[in-house]
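Everything on this sheet refers to the single structure shown next.
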Amino acid sequence: MPHLYGKKVMLREYRDSDFEHIRAWVNNPKITRNLSDIFLYPHSAEQTRRFMERASSGELKGFVVARADTGEYLGQIDFTRLDLKNGCGELGMVIGSEADHGKGYGTEALGLFLDFAFFELRLNRVELLCWPFNTRARRLYEKMGFVLEGVRRQKRFRGGTYHDELCYGLLKEEWEQRRRQQPQSET
């Protein structure tokens, strides 16, 4: 798998050395509260190993987000669903350490990932789901051009309360227009 490079991050394959980094965040409620319900229950080391095996085998379609200079794990960005026939992929991403939040890693990783999705895989659409209270992610997605397409009212239960589920989408033509309007270095 080719590595995709930005100024701060690279998108690369999963490695055995990523195991401990993933274990550090996978049961951290400050990180997982903003993710999907697959993190509702604690994840065992064996579950993480199985995930790593699926990623290493190519069964999962995605990348590790790593520091461009050292290759050290920062997070991951993957297709949670990929429909090549219809040109659509649903993405999920995480930066695994709170210390790495707000440093632009997610922005750059998402830009690299979208370029890959639209210009290498020839997708027409990338979509994602988001919690309303995940304001950091919502700002990122909207900054990158994702459009709020719908709200599934009170679809998810978290922390004793029902929450809406926000549905975002980005079309290739919208991404191309955004890329023409902004210098390459801003993604």
Does the range 148-167 hold any residues that are hydrophobic (A, V, I, L, M, F, W, C), open to solvent by 70 Å² or more (accessible area, probe 1.4 Å) and at pLDDT 95 or above, and which are they?
148, 151
Would you confirm whether or not the range 69-85 contains a residue that is open to solvent by 20 Å² or more (accessible area, probe 1.4 Å), small (Gly, Ala, Ser), in contact with a Lys or Arg (Cβ under 7 Å, 6 or more places away or on another chain) and more than 23 Å from residue 172 (Cβ to Cβ)?
no
For a quick check of your reading of the model, give me the residue pairs whose first member lies in the range 12-24 and is in a helix (DSSP H, G or I), whose second is surrounded by 13 or more Cβ atoms within 10 Å (Cβ to Cβ) and of a type in the set (Phe, Trp, Tyr), with beta-carbon atoms closer than 6 Å and at least 6 apart or on different chains.
18/73; 21/73
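The values are calculated or read from the model by the stated rules, or taken from the named source; none is laboratory data. Small disclaimer: the values here were computed from a predicted structure and weren't measured. Note: ideal-geometry Cβ built from the backbone for every residue, glycine included; neighbour counts use all protein chains shown. Heads up: the accessible areas ignore ligands, DNA and RNA and are worked out on the full protein's heavy atoms, side chains in. Shrake-Rupley method; radii C 1.70, N 1.55, O 1.52, S 1.80 Å.
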